[in-house]
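This report concerns only the one structure given below.
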Amino acid sequence: MTTVPQERRLVTPVPGPKSRELQARRTSVVAGGVGSVLPVFAARADGGILEDVDGNRLIDFGSGIAVTSVGASAEAVVRRASAQLADFTHTCFMVTPYEGYVEVCERLAELTPGDHAKKSALFNSGAEAVENAVKIARSYTKRQAVVVFDHGYHGRTNLTMALTSKNMPYKNGFGPFAPEIYRVPVAYGYRWPTGPENCGAEASAQAIDQISKQIGAGNVAAIIIEPVLGEGGFIEPAKGFLPALAKFAKDNGIVFVADEIQSGFCRTGQWFACEDEGIVPDLITTAKGIAGGLPLAAVTGRAEIMDSVHAGGLGGTYGGNPVACAAALGSIETMRELDLAGKAKRIETVMKDRLAAMAEKHELIGDIRGRGAMIAVELVKDRGTKEPAAEATAALAKACHAAGLLVLTCGTYGNVLRFLPPLVIGEDLLNEGLDIIEEALAGL
């Protein structure tokens, strides 16, 4: 197991000479459409630190986009995955099955919301999980229409691009997209015209009205929503919105799908973000934090819905790879043993307190939001007009990177700085990262 010293260290500019040399090699052979937030090439990573090939150690507020929640070389993940590698790397579960796949499905049945009978199917990526959730919902309901929401993100395949709200960089030039996808308003409290206090009731009424009148509830197979919208800007739907949509789905025989790919596995201070308002989804899609960095995804749901698909209708060559399944069992073991849901809540307390103090000094911060270790600030040019400050957001991220703090941006308007630290990050590193953000804000 890699042991990386848990301290920030800058020995060269960021990126350093070895990273720049690798970047030149990359440019000649890697497709230009594959981007990177920060072109420093990783050598080692663990806990709250990412060490690059030049020996710089950066504080990690990204976790590989909410993937390495247990750290990038967690002991249980490495131990279990290594043991599985020594036994066999692959048989294809659809050819000759193995226990690890079954055990992951058992854990998912235990951990996901609701006490009903549940079954799972395993895949490789979040987009693949969402796409299969749509297949399952259509098979079960014998309907075709799928409802998604403004600011939602669900993946990069053709179907999931259609489900995704944001054009650039995800959809531009890649159409035509899959049909029978309908988009309705989401309860974005910070930008709701009549204020956040009215947002949940008004947005849910508006969404339900549009579904009923423009699509017809009887034609809808699935309603798909992220309980905390990730790429769209870490938007927490205003209270009451998710319960109203879930009730509407239940009353009309619609499969309610919680896309927990970014928000799941202790990230928001609960095992799953939909638990915050007691939502029990019919299907839940997971990936990212499930396996400590190895590619694995799942659709978990009511047994009768999952079993509606004919034999052979679900699967994929690599879906539920045995090494990835072993890693997932190690990741879940770590989350339980270290109470990472509790650690996420502590991260929220520290971050929100510090960010609120920064907001008192800097008018640029329009909103602080999120839960657990899924926290964001929305930056605006003017708090009255709420005009997005995309350039300032990019400049702030760049300043953080230069100082040795890896941060990510997001948001439909490109004006949200998002924080996804590993749940195992030390509080000293967490505060040091916040110090860097404060210094960078002062320097804008």
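Derivation of every value follows stated rules applied to the coordinates shown; laboratory data play no part. Small disclaimer: the values here were computed from a predicted structure and weren't measured. With ideal geometry, Cβ positions are generated from the backbone for all residues, glycine too; neighbour counts draw on all protein chains shown.
As a footprinting exposure proxy, order S36, S82, S28, S125 by other Cβ within 10 Å, with the fewest listed first. Don't jump to the answer; show the numbers that get you there.
On the way: S36 10, S82 14, S28 6, S125 20.
Ascending number of Cβ neighbours within 10 Å: S28, S36, S82, S125.
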With each label point set 7 Å from Cα along the Cα-Cβ vector, what nm distance links R9 and N172?
-> 4.0 nm
Just A66, A359, A373 to compare: in a GNM of the chain, with alpha carbon springs under 10 Å, which one fluctuates most?
-> A359
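Please work out how much length the chain gains when fully extended from Y182 to Q206, using 0.36 nm per residue of separation minus the C-alpha to C-alpha distance, in nm with one decimal.
Numbers: separation 24, 0.36 × 24 = 8.64 nm, distance 1.38 nm.
Between Y182 and Q206, full extension yields 7.3 nm more.
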Gaussian network model of the chain, Cα springs within a sub-10 Å range: biggest mean-square fluctuation belongs to which of Q270, Q206, Q23?
-> Q23
Stokes-Einstein, Kirkwood over Cα pairs, the range 142-211, 25 °C, 0.890 mPa s; D in µm²/s equals 186 µm²/s
Can you work out the base-10 log of I(q)/I(0) for the chain at q = 0.06 1/Å, using the Debye formula on its C-alpha atoms alone?
-> -0.24
Cα-based Rg / Dmax (Å) for the range 1-61 = 12.2, 34
Compute the separation of the alpha-carbon centres of the range 168-203 and the range 353-395 and state it in Å as a whole number.
-> 21 Å
Tell me, in nm to one decimal, what length is gained between R26 and A109 on full extension, where the rule is 0.36 nm per residue of separation less the Cα-Cα distance?
-> 25.7 nm
HN-Hα couplings for the range 112-121 via Karplus (6.51, -1.76, 1.60; θ = phi - 60°), in whole Hz with x for Gly/Pro, come out as 6, x, x, 10, 6, 5, 10, 9, 9, 10
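Based on other C-beta atoms within 10 Å, arrange T91, T393 from fewest to most. Display every interim value, and only then the final one.
Values: T91 12, T393 23.
Ordered by Cβ neighbours within 10 Å, fewest first: T91, T393.
Hey, fewest Cβ within 10 Å first, where do D150, D367 land in order?
On the way: D150 18, D367 21.
Neighbour counts put them in this order, fewest first: D150, D367.
Assuming a viscosity of 1.567 mPa s and a temperature of 4 °C, what translational diffusion coefficient in µm² per second does Stokes-Einstein assign to the range 77-337, Rh being the Kirkwood radius over Cα pairs? Before the final figure, lay out the partial values.
Numbers: Rh = 18.6 Å.
Value of D from the Cα-based Kirkwood radius: 70 µm²/s.
Mind ranking 135-141, 83-89 by how tightly packed they are, going by the mean number of other C-beta atoms within 10 angstrom, highest first? Please report the intermediate quantities before stating the final value.
Working: 135-141: 21.3, 83-89: 12.1.
Order by mean packing, descending: 135-141, 83-89.
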Distant-in-sequence amide H partners of G62 (H built 1.01 Å from N, under 5 Å) | L420
Using the structure shown, select from K142/K213; K361/K381; K171/K386 the pairs with a Cα to Cα distance greater than 24 angstrom.
-> K171/K386
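Would you list the membrane-span-like helices of the chain, meaning whole DSSP H runs whose alpha-carbon atoms span at least 30 Å along their axis and whose mean Kyte-Doolittle value is at least -0.5?
Details: long enough: 340-361 (32 Å, -0.32).
Length and hydropathy pass: 340-361.
If we sort 377-386, 240-249, 419-428, 175-184 on the protection proxy, mean other Cβ atoms within 10 Å, highest first, what's the order?
My ranking of the peptides, most packed first, is 419-428, 240-249, 377-386, 175-184.
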Which whole-Hz couplings ³J(HN,Hα) result when phi for each residue of the range 229-235 is put into the Karplus expression 6.51 cos²θ - 1.76 cosθ + 1.60, θ = phi - 60°, listed in order with x for Gly and Pro?
-> 6, x, 4, x, x, 6, 7
Per q in 0.15, 0.17, 0.18 1/Å, what log10 I(q)/I(0) does a Debye calculation on the alpha-carbon atoms of the range 271-429 return?
-> -0.99, -1.13, -1.19
Working note, the range 55-100: Cα radius of gyration (Å, one decimal) and Dmax (Å, whole number) are 15.1, 45
Return the distance in nm (one decimal) between the two label points of a simple spin-label model at K119 and Q214, each offset 7 Å from Cα along Cα→Cβ.
-> 3.5 nm
